[in-house]
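K.L.:
Please see the structure below; I have some questions.
The values are calculated or read from the model by the stated rules, or taken from the named source; none is laboratory data. The structure presented is a predicted model; accordingly, all values stated were derived computationally and were not measured. Cβ sites come from the backbone with ideal geometry, for glycine too, and all protein chains shown count toward neighbours. Surface accessibility is based on the protein's heavy atoms, side chains included, excluding ligands, DNA and RNA. Shrake-Rupley method; radii C 1.70, N 1.55, O 1.52, S 1.80 Å.
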Amino acid sequence: MASLNITINDQKITAESGQTVLETASAAGIEIPTLCHHPALNPIGACRVCLVEIKGQRSLQPACTFPVTRGMEIQTESPKVVEARKFVLELIFSERNHFCMYCEMSGDCELQNLGYRYGLDHWMYPTYTQNFPVDASADDFLLDHNRCVLCRRCVRACSELAANHTLDLRQRGALTMLTADMNVAISQSSCISCGVCLDVCPTGALVDKRSAFLGRDCDCDHIASICSQCSIGCGIEIVTRANSVLRIRGLWDAPVNAGVLCKKGRFESLVDRRPRIFSPLKRLNDRHLPADWDGLLQLAAERIAAVAPQHLGLLTTTHATNEALNLLNELFCRHLKVRHVDLLNPVAPRPPSLPKGTLADLSHSDCILVTGTDPVNTHPVASMLIKRAVDRGAQLIVIEDRESGLAAYADQVLKTSETDQALRFGRRAQRPAVMYGNFVSKGVFTSLKKLAKAVYVALQPGVNTHAALSLGLHQHIDFASLAVLYVLSGEQHEQLNEVAAKITPETFVVVQASYASPLTERADLVLPMAIWLERSGSLTNTDGIVQQVRAARAPQGQSKPDWEILRMLTEKLGGKPFVLPNDIAHYAEHESFGKENPSWQK
Amino acid sequence: MAKVTIATDWLAACAGCHMSLLDIDERIFPLLEMVEFTSSPVTDLKHPPVDGVTVGILTGAISNTHNIEVARRMRSHCQILVAVGDCATFGGIVATRNLVGTEAALKRAYLETESTVAGLIPDSPELGVPLPIVTGVGEVVTVDVFIPGCPPRADDLYFAIGELLAGRVPKVLPPEHLKYD
């Protein structure tokens, strides 16, 4: 790109051609106030708060959309500019109910901050009288039209980021209203409650119901972490106050999701109604009695040490940190040489010969073939990446015998028996990408492997499945031959009934879990595990990227982080001092944990 | 030197702004060396003196005809009129009445509440007549200084009085003293 010289506020600045005035100013550290602009969204110049004076231009121009040209002379805070901005703000404030005193967002509101900045201390225009509706129909958030400034950030986020196109504006001029679909309540609309609109709303128009009025941003702690609901590994910001988690927001600079989250990650992850296990439990006849950690671990260690490797079994969920999975591997597979090892989750196959693709490849692909997975329901953020690609013009071919949430967006929905047709689309494409999950059929997979130019994106079920696979924990278990079984079921809720039914009555079962389940009921010893909000460590996403998770609150009751329990058990078993979480960088460099090296700080 | 005279009065208000003024705490003693509070709704003397005062302070919104009278009386009796609080500057909480309309609000409050038996909307000639729209003071009289806040913090009020005593009329309070809530 060619660089060109301009001046902003009489300061000489080098800009890149193609940049807007706002981008150039921001890069040079000159702040121009904005309202409708958001760095993650395409600028539309709707609110006129960023007006600047450009020499030679007949009128003031919005900095967010105006491209720089050679020799441009710009004033960002001249009296004319300040007067215009104040006028714009007075108009915005006069349109709806912008009384701050009973607004959830007061103190965190971009409109309020602009009012302070430009000294609005009374109305210039007649007091508002019109009452606009409030749409509280959605489970997790509410839309208060009275606070809306029609900046269209949510509309753009809904279409550009979530690629869901639910929100839009209807009517014109003073009658303009934000609307979901064809003017229906949000709960009746195509909204998927991903909540990305909450993160971009500059005012109190879109508000999280659960955490409303529980604290301003400045009163809260903000913890950057990684979502632990699926294998995508979205960057999140956990907002807490006094050891309580208020809400979760997307991290805009996160490598995988770049700000977007889904309903599962943002809302549902904070509500789990299953009964927690708060204390170590020991079976006495038909009952579980609370026990102390040390005695229980000692007992577990003695039982484990007493059996031969061929009678010892290990089952683990992939809802566990790299550190925990690694300790399991070190302790059970290497130290105790256990023969029966398996996962509680299914996995998507990952043949080493296949050209490995990543979620990021979806953005560059012109033909995406999806099979054996339903990301709309299981990995919603991945479905957003696909829907964005479709919006951009990429072809979407769904090969599925079951129902697929992507069917509505697909160019072709084919049965697995019609895979040949899918191959024809794939062959015509320049950069085909195959996304597959654990339900991929052998036949389809074999056929799709023939696509010469394709990359293959495995969408793993579970959470840390990539790491568990890399560590070789996905093998086989023969329940009949087990005398002792160690199960790390963590927070998993699928498959537990089935597993509990397979365990023979003679087997001594140790379960490490966060919630009560049929499996913990069957267990002889239960080790209470902290949930994902309460443990630090790292996770490897489905692409193999290792990312750091941070605890947002202290473990509840006597529960402990997954890896800490295993570390203590290892010590009881007299194992050598295995690698602890602060040495994770060592493992991140290891091939099995992917190539990204997390900047681990304890 | 003669003391600077200040009179205060309230319109449709909750008294919170006056409480906030009292919240300047012990700073009120040195202030009283320089200032005489001639009249206020919380003292024996309610009305501003006939000769007028230097500074008039109004809190509360314009909600009925009586509020207009009080606002006009204060305006004509003071040199500098200060509107204090969100109600006086913007209409505030009182202005939420605008969302349903005065008639509906009166009906709900005096006739339809669950505990009302044989209710009656007050219409004594001594009372002010509710206005169709609640507004800030600025829509009725000329205001010199607006101090929003619900209520404005004691520090904001103390700062503003200090400025006035120093002979400065702040056009807009500086950002650290300008708050809407």
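K.L.:
When you scan the range A:307-318, do you find a residue that is of a type in the set (Val, Ile, Thr), touching a helix residue (DSSP H, G or I) at 6+ places or on another chain (Cβ under 7 Å) and touching a residue at least 60 places away in the same chain (Cβ under 8 Å), even just one? Walk me through how you get there before you give the answer.
P.N.:
First, pick out the residues of the range A:307-318 that are of a type in the set (Val, Ile, Thr): A:307, A:316-318.
This time we only want the ones that are touching a helix residue (DSSP H, G or I) at 6+ places or on another chain (Cβ under 7 Å), so: A:316, A:318.
Checking which are touching a residue at least 60 places away in the same chain (Cβ under 8 Å) leaves us with A:316, A:318.
Yes, the range A:307-318 has at least one match.
K.L.:
With respect to the numbered conditions (1) at pLDDT 95 or above; (2) in the same structural domain as A:Lys263 (by TED's automatic domain parsing), which one is the sole condition not fulfilled by A:Gly173?
P.N.:
(1)
K.L.:
Filter the range B:27-52 for residues that are open to solvent by 50 Å² or more (accessible area, probe 1.4 Å), part of a strand (DSSP E or B) and either within 18 Å of B:Cys17 (Cα to Cα) or among the hydrophobic types (A, V, I, L, M, F, W, C) (or both) and give the result.
P.N.:
Correct list: B:Phe37 only.
K.L.:
State whether one or more residues within the range A:51-67 are part of a loop (DSSP other than H, G, I, E, B) and open to solvent by less than 10 Å² (accessible area, probe 1.4 Å).
P.N.:
The answer is yes, given that some residue of the range A:51-67 is part of a loop (DSSP other than H, G, I, E, B) and open to solvent by less than 10 Å² (accessible area, probe 1.4 Å).
K.L.:
Another question, then. Starting from the range B:6-34, take each residue that is polar (S, T, N, Q) and list its partners that are assigned to a helix (DSSP H, G or I), counting only C-beta distances under 8 angstrom and pairs at least six apart or across chains.
P.N.:
Cβ pairs passing all conditions: B:Thr8/B:His18; B:Thr8/B:Leu21; B:Ser20/B:Ala154; B:Ser20/B:Leu157.
K.L.:
Need a quick list: helices (runs of 4 or more DSSP H) entirely within the range A:319-403 having at least 1 residues that are basic (Lys, Arg) and surrounded by 17 or more Cβ atoms within 10 Å (Cβ to Cβ). Working first, answer last.
P.N.:
On the way: elements: A:322-328, A:375-378, A:380-392.
Because the criterion is at least 1 residues that are basic (Lys, Arg) and surrounded by 17 or more Cβ atoms within 10 Å (Cβ to Cβ), the helices (runs of 4 or more DSSP H) in the range A:319-403 that meet it are A:380-392.
K.L.:
Separate question: Let me spell it out: the conditions are (1) open to solvent by 80 Å² or more (accessible area, probe 1.4 Å); (2) at pLDDT below 95; (3) touching a Leu at 6+ places or on another chain (Cβ under 6 Å), and A:Leu471 meets all of them except one. Which number is the exception?
P.N.:
So A:Leu471 meets the others, but not (1).
K.L.:
Would you check if there is a residue in the range A:91-102 being free of Cβ contacts under 8 Å to residues at least 24 places away in the same chain and either assigned to a loop (DSSP other than H, G, I, E, B) or acidic (Asp, Glu) (or both)?
P.N.:
Yes, some residue in the range A:91-102 is free of Cβ contacts under 8 Å to residues at least 24 places away in the same chain and either assigned to a loop (DSSP other than H, G, I, E, B) or acidic (Asp, Glu) (or both).
K.L.:
Are any residues in the range A:81-101 facing chain B (nearest Cβ under 9 Å) and either touching an Asp or Glu at 6+ places or on another chain (Cβ under 8 Å) or over 25 Å from A:Asp199 (Cα atoms) (or both), and if so, which ones?
P.N.:
Correct list: A:Phe99, A:Cys100, A:Met101.
K.L.:
Here's a follow-up. Which one of B:Val137, B:Val169 is within 14 Å of chain A (Cβ to nearest Cβ) and open to solvent by 20 Å² or more (accessible area, probe 1.4 Å)?
P.N.:
Working: B:Val137 fails: open to solvent by 20 Å² or more (accessible area, probe 1.4 Å).
Going through B:Val137, B:Val169 in turn, the sole match is B:Val169.
K.L.:
Return the residues of the range A:110-121 that are buried (at least 22 other Cβ atoms within 10 Å of the Cβ), more than 7 Å from every other protein chain (Cβ to nearest Cβ) and part of a loop (DSSP other than H, G, I, E, B); say none if nothing qualifies.
P.N.:
Result: A:Leu120, single match.
K.L.:
With the requirement that a residue be within 20 Å of A:Ile503 (Cα to Cα) and without any contact (Cβ under 8 Å) to a residue 60 or more places away in the chain, what does the range A:265-301 give you?
P.N.:
Those that are within 20 Å of A:Ile503 (Cα to Cα) and without any contact (Cβ under 8 Å) to a residue 60 or more places away in the chain: A:Leu284, A:Asn285, A:Asp286, A:Arg287.
K.L.:
Only one of A:Glu83, A:Glu90, A:Glu95, A:Glu73 is open to solvent by 20 Å² or more (accessible area, probe 1.4 Å) and touching a Lys or Arg at 6+ places or on another chain (Cβ under 6 Å); which? Spell out the reasoning first.
P.N.:
Working: A:Glu83 fails: touching a Lys or Arg at 6+ places or on another chain (Cβ under 6 Å); A:Glu90 fails: touching a Lys or Arg at 6+ places or on another chain (Cβ under 6 Å); A:Glu95 fails: touching a Lys or Arg at 6+ places or on another chain (Cβ under 6 Å).
Residue meeting the stated conditions: A:Glu73.
K.L.:
More than 17 Å from A:Leu527 (Cβ to Cβ), in a helix (DSSP H, G or I) and more than 36 Å from the chain's Cα centre (by Cα): is that true of A:Gln310 in this structure?
P.N.:
Details: more than 17 Å from A:Leu527 (Cβ to Cβ): yes; in a helix (DSSP H, G or I): yes; more than 36 Å from the chain's Cα centre (by Cα): yes.
So A:Gln310 passes the test.
K.L.:
To continue, here is another question. Are any of the residues in the range A:437-447 touching a strand residue (DSSP E or B) at 6+ places or on another chain (Cβ under 7 Å), buried (at least 22 other Cβ atoms within 10 Å of the Cβ) and small (Gly, Ala, Ser)?
P.N.:
no
K.L.:
Ok, one more. Is it the case that some residue within the range A:172-189 is under 19 Å from the mean Cα position of the chain (by Cα), more than 28 Å from B:Val172 (Cα to Cα) and in a loop (DSSP other than H, G, I, E, B)?
P.N.:
No, because not a single residue in the range A:172-189 is under 19 Å from the mean Cα position of the chain (by Cα), more than 28 Å from B:Val172 (Cα to Cα) and in a loop (DSSP other than H, G, I, E, B).
K.L.:
When you scan the range B:144-151, do you find a residue that is part of a loop (DSSP other than H, G, I, E, B) and in contact with a Phe, Trp or Tyr (Cβ under 6 Å, 6 or more places away or on another chain), even just one? Break it down into steps so the answer makes sense when it comes.
P.N.:
First, pick out the residues of the range B:144-151 that are part of a loop (DSSP other than H, G, I, E, B): B:144, B:148-151.
Adding the requirement that they be in contact with a Phe, Trp or Tyr (Cβ under 6 Å, 6 or more places away or on another chain) leaves B:148.
Yes, because at least one residue in the range B:144-151 is part of a loop (DSSP other than H, G, I, E, B) and in contact with a Phe, Trp or Tyr (Cβ under 6 Å, 6 or more places away or on another chain).
K.L.:
Let me ask you something else. Kindly list, by first and then second residue, each pair from a residue in the range A:122-141 that is within 14 Å of chain B (Cβ to nearest Cβ) to a residue that is β-branched (Val, Ile, Thr) and open to solvent by 70 Å² or more (accessible area, probe 1.4 Å), limited to pairs with Cβ atoms under 9 Å and residues at least 6 apart or on different chains.
P.N.:
Pairs that qualify, where the first residue is within 14 Å of chain B (Cβ to nearest Cβ) and the partner is β-branched (Val, Ile, Thr) and open to solvent by 70 Å² or more (accessible area, probe 1.4 Å), are A:Pro126/B:Ile133; A:Thr127/B:Ile133; A:Thr129/B:Ile133; A:Asn131/B:Val100.
K.L.:
If you don't mind, another one. Scan the range A:179-204 for residues that are in contact with a strand residue (DSSP E or B) (Cβ under 7 Å, 6 or more places away or on another chain), over 29 Å from A:Ala394 (Cα atoms) and open to solvent by less than 20 Å² (accessible area, probe 1.4 Å) and jot them down. Walk me through how you get there before you give the answer.
P.N.:
From the range A:179-204, those in contact with a strand residue (DSSP E or B) (Cβ under 7 Å, 6 or more places away or on another chain) are A:179-180, A:183, A:185-186, A:189, A:191, A:195-199, A:204; that's our starting set.
Subsequent filtering for residues that are over 29 Å from A:Ala394 (Cα atoms) retains A:183, A:185, A:204.
The one that is in contact with a strand residue (DSSP E or B) (Cβ under 7 Å, 6 or more places away or on another chain), over 29 Å from A:Ala394 (Cα atoms) and open to solvent by less than 20 Å² (accessible area, probe 1.4 Å): A:Gly204.
K.L.:
Now, a different point. Output the number of the condition that A:Val134 fails; it satisfies all remaining conditions of (1) over 24 Å from B:Gly149 (Cα atoms); (2) out of contact with any Ser or Thr (no Cβ under 7 Å at 6 or more places or on another chain); (3) among the β-branched types (Val, Ile, Thr); (4) crowded, with 17+ Cβ neighbours inside 10 Å.
P.N.:
In the conditions (1) over 24 Å from B:Gly149 (Cα atoms); (2) out of contact with any Ser or Thr (no Cβ under 7 Å at 6 or more places or on another chain); (3) among the β-branched types (Val, Ile, Thr); (4) crowded, with 17+ Cβ neighbours inside 10 Å, A:Val134 misses (4) alone.
K.L.:
Another question about this same structure. When you scan the range B:53-129 for helices (runs of 4 or more DSSP H) that lie fully inside it, which ones turn up with 3 or more residues that are within 14 Å of another protein chain (Cβ to nearest Cβ)? Talk me through it step by step, then tell me what you get.
P.N.:
Working: elements: B:65-77, B:86-90, B:102-107.
The qualifying helices (runs of 4 or more DSSP H) are B:86-90, B:102-107.
K.L.:
Let me ask another. Given the conditions (1) touching a helix residue (DSSP H, G or I) at 6+ places or on another chain (Cβ under 9 Å); (2) closer than 27 Å to B:Asp155 by Cβ, and given that B:Asn67 satisfies all but one, which numbered condition is not satisfied?
P.N.:
(2)
K.L.:
Please indicate, with yes or no, whether at least one residue in the range B:138-149 is of a type in the set (S, T, N, Q) and either in contact (Cβ under 8 Å) with a residue 12 or more places away in the chain or under 21 Å from B:Val70 (Cβ atoms) (or both). Explain how you work it out, then say what you get.
P.N.:
The first filter runs over the range B:138-149 and keeps only residues of a type in the set (S, T, N, Q), leaving B:142.
So of that shortlist, the ones also either in contact (Cβ under 8 Å) with a residue 12 or more places away in the chain or under 21 Å from B:Val70 (Cβ atoms) (or both) come out as B:142.
Yes - at least one qualifying residue is present in the range B:138-149.
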